[in-house]
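Novice: One structure coming up, written as structure tokens, with questions to follow.
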Amino acid sequence: MNKMLKGFMVMLLAVLVLAACGNDDTSDGGSSDSGSGDQVELEFFQFKSEAVNEFDALIEKFEAENPGITVVQNNSPDSDTVLFSRLSQNDIPDVMTINGGVAFGEVARAGVLKDLSDDALLDTVTDEYEDMLKRLSRTEELYAFPHSVNANGVLYNKTIFNDLGLEIPTTWDEFMALLEEIKASEVNPLMSTYGEAWTVLPPLNTIASNTHGMTFFDELEAGNTSFTEVYGEIAEKIKAMLPYAENDVFGYDYNMGNTAFANGEAAMYMQGVWALGPILEANPDLEVGVFPMPATNDSNSIVSGVDVAIAMAKDGDHPEEAQKFVEFLLQPENVEFYLETQRMFAAVEGAEQTDPALQELQPYFDAGDVLPFSDHYYPQGFAVDVMFQDYLLGGSVDDLLSEMDSEYERLSN
């Protein structure tokens with residue numbers, strides 16, 4: 001999530017709720033004027049700049065099948081800020097995509113989105129991701145359909161692995177032994193780019209979620225546990241990997257890391273599947289795969305979240321047409337078209353991800369063996385990435401844990 005929004009969203013939340021409450025004099029959400037033969041125009045507010053072309057193609061297909069409806073895609077460079085500004089004025093797009101993170105929870109609780117809890121489309125979406133969205137909104141109602149989902153993992157250079165005769169690790173101890181083996185071969189084992197604080201989140205989320213699961217947050221909120229009690233082991237594992245990243249860790253940003261990994265400058269790269277696009281754009285010939293990071297010596301799950309959720313305005317001007325467009329976007333063949341270039345996984349039954357680079361992750365999705373991103377459930381404004389960046393730059397684990405507990409108490413209160 002854009003860090004500029006953290007304070008901004010908190011201030012706007014109250015305004016959003018008031019705006020929603022002030023909408024009681026609207027119509028009952030009946031049919032639009034399409035029955036009169038007029039052309040209906042829907043606004044599709046879409047947050048992913050890298051997916052504009054794919055959604056344009058889908059819109060063209062939809063309009064050909066529905067000649068009475070025109071869909072206008074609206075994508076802004078700083079879409080979160082624009083969307084929150086519009087919501088504060090009760091200017092709600094007909095259909096919108098929202099990332100399934102902290103921002104979604106804020107919007108869902110504002111009362112401006114259509115409740116989809118009884119929609120027949122829910123029979124086609126994956127239960128685990130429906131539950132994630134409900135947990136984010138802290139409601140029993142569902143305010144968006146999960147469309148496509150992402151995952152953290154270890155991107156690896158298949159050529160290097162084949163040349164060195166390396167095997168995919170399945171436990172934390174095997175992973176650390178693999179790092180040592182690669183280092184002994186005089187190849188950089190690991191690409192890390194902690195010059196941008198957020199890039200510590202892929203390994204952190206994977207280790208944290210697999211270590212403490214989601215019950216940690218319930219216990220934390222109830223006052224039955226603390227970061228000091230649980231996060232020491234997590235912090236030590238994050239730091240244990242640092243010596244195996246032989247690039248300029250705190251001088252590299254995300255884009256530099258993508259390019260360096262694409263050019264064969266490391267055997268592995270801990271990132272999300274979203275990095276595959278820019279990496280393969282930089283080097284289309286790279287033989288790359290992704291395996292689940294083995295965060296513990298016990299069972300390990302994929303850490304995954306809703307990359308794109310699709311929502312509708314609660315009191316939109318064209319509810320029937322909006323529903324028809326959303327149903328179209330969630331058709332398996334249209335989801336698969338999106339997955340081809342975006343390299344995500346489907347949250348819709350019947351849609352499959354066929355990219356060879358991602359096939360080592362697919363069994364986890366097939367089995368529903370997924371855990372949410374831990375950082376989606378910290379309090380608003382809890383800058384865990386910055387705290388861990390400071391720790392990795394030379395801070396002590398005691399100071400890190402103390403800061404996490406004090407920040408949690410401050411922000412919770």
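Novice: Charges at C-beta only: +1 for Lys and Arg, -1 for Asp and Glu. How large is the resulting dipole of region 63-164 about its Cα centre, in Debye rounded to 20? Intermediate values should be presented prior to the final figure.
Specialist: On the way: 7 positive and 18 negative charges, 84 e Å.
The calculation lands at about 400 debye.
Novice: So, for region 196-265, what is the accessible surface per residue at a probe of 1.4 Å, expressed in square angstrom?
Specialist: Details: 2740 Å² over 70 residues.
For region 196-265, the solvent-accessible area averages 39 Å² per residue.
Novice: So, one more: So if I take the centroid of the Cα atoms in region 342-376 and the same for region 211-285, what is the distance between those two points in Å?
Specialist: Using only Cα atoms to place each centre, the spacing works out to 18 Å.
Novice: How much of the DSSP bridge set in the chain is antiparallel, in percent, rounded to the nearest 5?
Specialist: About 65 percent, rounded to the nearest 5.
Novice: Just name one of T296, I59, S412: the one whose Cα is farthest towards the positive end of the charge dipole of the chain (beta-carbon charges, Lys/Arg +1, Asp/Glu -1).
Specialist: S412
Novice: Now a separate question. In whole percent, and with a 1.4 Å probe on the protein chains, what portion of the accessible area of region 222-334 is carbon and sulfur? Could the numbers behind the result be given before it?
Specialist: Details: 1790 of 4140 Å².
Its accessible area is 43 percent carbon and sulfur atoms.
Novice: Now a separate question. Is the C-alpha gyration tensor of region 289-412 telling us rounded, prolate or oblate? Criteria: a/c under 1.5 is rounded; beyond that, a/b larger than b/c is prolate, otherwise oblate. Present the calculation step by step, with values, prior to reporting the outcome.
Specialist: Working: a/c = 3.07, a/b = 1.49, b/c = 2.07.
In terms of gyration-tensor shape, oblate.
Novice: If Lys and Arg each add +1 and Asp and Glu each add -1, what is the summed charge of the other residues whose beta carbon sits under 14 Å from the beta carbon of M256? Please list the in-between numbers first.
Specialist: Working: positive: none; negative: E196, D248, D253, E265.
That works out to -4.
Novice: Mind ranking 248-259, 201-212 by how tightly packed they are, going by the mean number of other C-beta atoms within 10 angstrom, highest first? Mind dumping the intermediate values first?
Specialist: On the way: 248-259: 17.1, 201-212: 23.8.
The peptides rank, most packed first, as 201-212, 248-259.
Novice: Evaluate the distance, in nm, between pseudo-label points positioned 7 Å from the Cα of T228 and of L411 along their respective Cα→Cβ axes.
Specialist: Placing both labels 7 Å beyond Cα along the Cβ direction yields 1.9 nm.
Novice: If you take the square roots of the eigenvalues of the alpha-carbon gyration tensor of region 109-189 and sort them as a ≥ b ≥ c, do you get rounded (a/c under 1.5), prolate (a/b over b/c) or oblate? Show your work: numbers first, answer last.
Specialist: On the way: a/c = 4.18, a/b = 3.43, b/c = 1.22.
In terms of gyration-tensor shape, prolate.
Novice: To the nearest 20 debye, what is the magnitude of the charge dipole of the chain about its Cα centre, counting +1 on the Cβ of each Lys and Arg and -1 on the Cβ of each Asp and Glu? Let's see the in-between values first.
Specialist: Numbers: 18 positive and 74 negative charges, 171 e Å.
Value, rounded to 20: 820 debye.
Novice: I'd like the FRET efficiency for E181 and V82, computed as 1/(1 + (r/R0)^6) with the beta carbon distance as r and R0 of 35 Å, rounded to 0.05.
Specialist: Values: r = 48 Å, r/R0 = 1.38.
The value I calculate is 0.15.
Novice: Rounded to the nearest 500 deg cm²/dmol, what is the calculated helix-only ellipticity per residue at 222 nm for the chain, with -39500 (n - 2.57) per DSSP H run of length n ≥ 4?
Specialist: On the way: 17 runs with 181 residues, N = 413.
It lands at -13000 deg cm²/dmol.
Novice: Report, by chain and number, residues whose modeled amide H sits under 5 Å from the one on L190, excluding near sequence neighbours (fewer than 5 apart, same chain).
Specialist: Hits under the 5 Å cutoff: E246, A267, M268.
Novice: Projecting each Cα onto the charge dipole of the chain (Lys/Arg +1, Asp/Glu -1 at the beta carbon, about the Cα centre), which of F261, N205, N188 comes out farthest on the positive side?
Specialist: N188
Novice: Distance in nm between label sites at E333 and V52, each 7 Å beyond Cα in the beta-carbon direction?
Specialist: Spacing of the two 7 Å Cα→Cβ label points: 2.8 nm.
Novice: How far apart, in nm, are two points set 7 Å out from the Cα along the Cα-to-Cβ line at M256 and at L393?
Specialist: Result for the modelled spin labels: 1.4 nm.
Novice: About its Cα centre, how strong a charge dipole does region 154-226 have in debye, to the nearest 20, once Lys and Arg get +1 and Asp and Glu get -1 at the Cβ?
Specialist: 180
Novice: Now for a separate question. Quick one: with all protein chains in place, what share of the accessible area of region 56-155 is carbon or sulfur, to the nearest percent (1.4 Å probe)?
Specialist: Details: 1620 of 3700 Å².
Carbon and sulfur together cover 44 percent of it.
The values are calculated or read from the model by the stated rules, or taken from the named source; none is laboratory data. These numbers were taken from a predicted model, which means no experiment stands behind them. All Cβ positions, glycine included, derive from the backbone under ideal geometry; neighbour counts span all protein chains shown. Heavy atoms of the whole protein, side chains included, go into the accessibility calculation; ligands, DNA and RNA do not. Shrake-Rupley method; radii C 1.70, N 1.55, O 1.52, S 1.80 Å.
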